[in-house]
Amino acid sequence: MLDQMAKGDMPDERQLRTIAAASREEQVEVWKKHKLKKGDPQVTWWSVAQGLTKTRMLAKDASFDDAVAKAYGIVWQEDLFAPADQDSRYTTDVEAFLGVQNEWMANHLPKRGAIVETTQWGEVKLPPKAERVYGKPSKSDRSAWYLDRDGKVQSGSSATSYGGKRLARHAVQLVIEDGTLEFDPGTLRVAAR
C-alpha cells in the first residue's frame, strides 16, 4: 500500500484514517483482495477502506466508567486523527460495549422506568397502550430507556415518557352515558389551551 501511495495514488483523509486504524494483518488481508490489477490506473481506495471498516463504540458515549470497562474486558483504543481536546477513545468490541450498557441501564433504571427496544430505523418501541408524551413529564408518567444507534443510553425524561393519566388533564368528556352531546364550556376552554 505504501508503495502505491508513494507513486502519488493516495486515498482521501477519511479512507486513510480507516486504513491507519486497522492492524497490519487486516491491512495485508484486504490489500490482497483489492491491490492494483494490470490495466487499472489507480487503486479503488474506497473499497480498501470499506474492507477495513469496523463499527466504533465511543468511550464518551459509555455510561459506565473505566473500571467497569476493564472488568468486562473492553479495551479502549485512541483515534490518532481526532482533535486533541476531545475524548477520542473507542472500542470495536460492539457486543461487549452494548452488553455493559444494557447492564448499566438495568442497574440504574428508575422505579417507573422500562427498558425498551428500537426499530431498525432507531425509533423507540413503546409498550402496548403507551404513547409518547412531549414536554415535562409528570409524576405519574413512566420513562422509557433505550440504546440509540451509537450505543448511547437514552432516557425518556422528556420526549419518550409515556402514561395515560395525563390524558385526563387535557381532555373533556363531550358525550355522556346516554350518547348525547353535553359539555361544560369552562372546562372545554381550559382543556383547549
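Bear in mind these aren't lab numbers, they're just calculated from the coordinates by the rules spelled out. Please read all numbers here as calculations on a predicted model, not as lab measurements. Heads up, the Cβs are rebuilt from the backbone with ideal geometry, glycines too, and the neighbour counts pull from every protein chain shown.
Do you know the relative contact order of the range 1-75, to the nearest whole percent, from alpha carbon pairs under 8 angstrom that are 6+ apart? Intermediate values should be presented prior to the final figure.
Details: 35 pairs, mean separation 23.1, N = 75.
Result for the range 1-75 is 31 percent.
With the Cα gyration tensor of the range 1-43 giving a ≥ b ≥ c as the square roots of its eigenvalues, does the rule (a/c under 1.5 for rounded; else a/b larger than b/c for prolate; else oblate) give rounded, prolate or oblate? Walk me through the numbers on the way to the answer.
Numbers: a/c = 2.11, a/b = 1.27, b/c = 1.66.
Here the range 1-43 falls in the oblate category.
Taking the Cα centre as origin and putting +1 on Lys and Arg beta-carbons and -1 on Asp and Glu beta-carbons, what dipole magnitude results for the range 2-54, to the nearest 20 debye? All intermediate terms of the calculation are to be shown ahead of the outcome.
Details: 10 positive and 8 negative charges, 29 e Å.
The dipole of the range 2-54 has a size of about 140 debye.
Which ordering of 81, 64 is given by a fewest-first count of other beta-carbon atoms within 10 Å?
Details: 81 13, 64 19.
Fewest to most other Cβ atoms nearby, the residues stand as 81, 64.
Could you list 76, 45, 121 so that the one with the fewest beta carbons within 10 Å of its beta carbon is first and the one with the most is last?
Numbers: 76 17, 45 21, 121 6.
Ascending number of Cβ neighbours within 10 Å: 121, 76, 45.
Ranked highest first by average number of other Cβ atoms within 10 Å, how do 34-41, 14-21 line up? Before the final figure, lay out each step's value.
Details: 34-41: 9.6, 14-21: 16.8.
Going from most to least packed, we get 14-21, 34-41.
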